[in-house]
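Data first, discussion second: the structure below is written as structure tokens.
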Amino acid sequence: MEVAVFGTKSYDRHFLLSAADGTDIQWSFIEPRLTETTAPLASPFEAICCFVNDEISSGVLQKLAEGKTKLIAMRCAGYNNIDLPIAQELGIQVARVPAYSPYAVAEHAVGLILTLNRKYHKAYNRVREGDFSLGGLLGFDLHDKTVGVIGTGKIGQIFARIMHGFGCQLLAYDVHQAEDCQKIGVKYAALEAVLAQSDIISLHCPLLPATKHLINDEAIAKLKPGVMIINTSRGGLIDTKAAIGGLKTGQIGSLGIDVYEEEAELFFEDKSESVIQDDVFARLVTFPNVLVTGHQGFFTQNALAAIAKVTVQNLNEFAAGEELSNEVKVT
Ligand code: NAD
């Protein structure tokens, strides 16, 4: 089976080639991401492989349906970028990698907290310049701080366990309560209480209509002044303009994000020679207490190997006409 891989990077090529070794899969690696413009490239392929910022809108799906495409194998867990009802209507199946390494993302969230708090990024540059002063590097003990976890699924639970190891008090909000979290002393509370009582808030819920702009002006007004907010989930959970307002008043003390609501135009590419056109993003990165990473939470060897393995399994099930174990359907 021939499979077109959209938005291919060298690391995707490496891990997919090695996972498919000994199978009948032939990869066609395509560098651009999937958009209405690039969709015709998919037409000869029964299966295509996509990632978080591929545009799988109804317009793109119509174009895919005009060609041979019958399967979209997502090499990620989230599928908020797919118009799923339209895919289903057009007879295009969607499979994903529901879990690969929740540790990768949870550990990255903790890295953002430590870096924002103890300012390793500033210290690294300062020491290299021969500046050994400590002004501006003052942090706080994580021990005994209240950490609010919003979404205690696979990643949120691991994040909670790590923060428990630091001696933090843990509060959580989720539509389902996880027993494993309660066992380590996580206290579930209403969203308002988590917002109001936490010194650090970390977002680990999916992007859904119910969670879009969960952190907006109204939520920001309820926060404990000076709170640290971490988002390694999906950019759309935070209303960026509202967050900028909160940073300007000091209501938000610091912000660490691995995801950004308009990231599709920026992330995963080297834009160092371009003028950034997104003024909201440009403003965001001027704050000394904002740390942005370019959607690298998943980026560990373990996670990439697991993603490639499950993607190959999804493709093989499709090729064999079997039921897809990781199919995503409209619920
Ligand atoms: P998961 O499905 O295991 O957990 C999600 C949790 O969110 C569940 O417990 C669910 O009940 C909860 N939830 C659903 N609706 C909610 C709501 N309205 N309010 C509060 N909680 C709600 O998912 P996961 O594997 O833990 O992943 C979490 C998110 O992390 C994913 O949705 C994805 O967007 C993101 N992610 C980011 C990266 C990255 O590289 N930065 C990588 C993988 C996943």
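The values are calculated or read from the model by the stated rules, or taken from the named source; none is laboratory data. Bear in mind the structure is a predicted one, so any value in this text is a computation, not a measurement. Virtual Cβ from ideal backbone geometry, glycine too; neighbours counted across all protein chains shown. What goes into the accessible areas is simple: the full protein's heavy atoms, side chains included, and nothing from ligands, DNA or RNA. Shrake-Rupley method; radii C 1.70, N 1.55, O 1.52, S 1.80 Å.
The figures follow:
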quantity	calculated
So Gly294, is it within 16 Å of the chain's Cα centre (by Cα), touching a residue at least 12 places away in the same chain (Cβ under 8 Å), in a strand (DSSP E or B) and within 16 Å of the ligand (Cβ to nearest atom)	no
Residue within segment 275-282 that is within 29 Å of Arg118 (Cα to Cα), in a loop (DSSP other than H, G, I, E, B) and within 13 Å of the ligand (Cβ to nearest atom) present	no
Qualifying residues in segment 135-194 (those that are of a type in the set (S, T, N, Q) and open to solvent by 40 Å² or more (accessible area, probe 1.4 Å)) - the one farthest from the ligand (Cβ to nearest atom)	Gln169
Selection count where residues are outside any helix (DSSP H, G or I) and more than 24 Å from the chain's Cα centre (by Cα), scope segment 31-41	1
The lone exception for Asn302 - which of (1) within 14 Å of the ligand (Cβ to nearest atom); (2) closer than 26 Å to Thr35 by Cα it fails	(2)
Close pairs (9 angstrom Cβ cut-off, 6 or more residues apart or separate chains): closer than 10 Å to Ala242 by Cβ and in a loop (DSSP other than H, G, I, E, B) in segment 207-224, acidic (Asp, Glu) and open to solvent by less than 50 Å² (accessible area, probe 1.4 Å) anywhere	His213/Asp239; Asn216/Asp239
Unique match (being closer than 25 Å to Asp141 by Cβ, open to solvent by 40 Å² or more (accessible area, probe 1.4 Å) and either within 16 Å of the ligand (Cβ to nearest atom) or not hydroxyl-bearing (Ser, Thr, Tyr) (or both)) among Pro206, Pro225	Pro225
Residues satisfying the stated conditions in segment 156-206, i.e. of a type in the set (Ser, Thr, Tyr) and free of Cβ contacts under 8 Å to residues at least 60 places away in the same chain	Tyr173, Tyr188, Ser198
Odd one out for Asn80 among (1) touching a Phe, Trp or Tyr at 6+ places or on another chain (Cβ under 6 Å); (2) open to solvent by 30 Å² or more (accessible area, probe 1.4 Å)	(1)
First in segment 3-31 and basic (Lys, Arg), second anywhere and assigned to a loop (DSSP other than H, G, I, E, B) and open to solvent by less than 80 Å² (accessible area, probe 1.4 Å), Cβ under 8 Å, 6 or more apart	Lys9/Phe268
Leading residue by the ranking (nearest to the ligand (Cβ to nearest atom)) among those in segment 69-96 that are touching a residue at least 60 places away in the same chain (Cβ under 8 Å), closer than 20 Å to Leu17 by Cα and among the hydrophobic types (A, V, I, L, M, F, W, C)	Cys76
In segment 1-21, the residues that are open to solvent by 80 Å² or more (accessible area, probe 1.4 Å) and either under 17 Å from Ile72 (Cα atoms) or part of a loop (DSSP other than H, G, I, E, B) (or both)	Glu2, Asp21
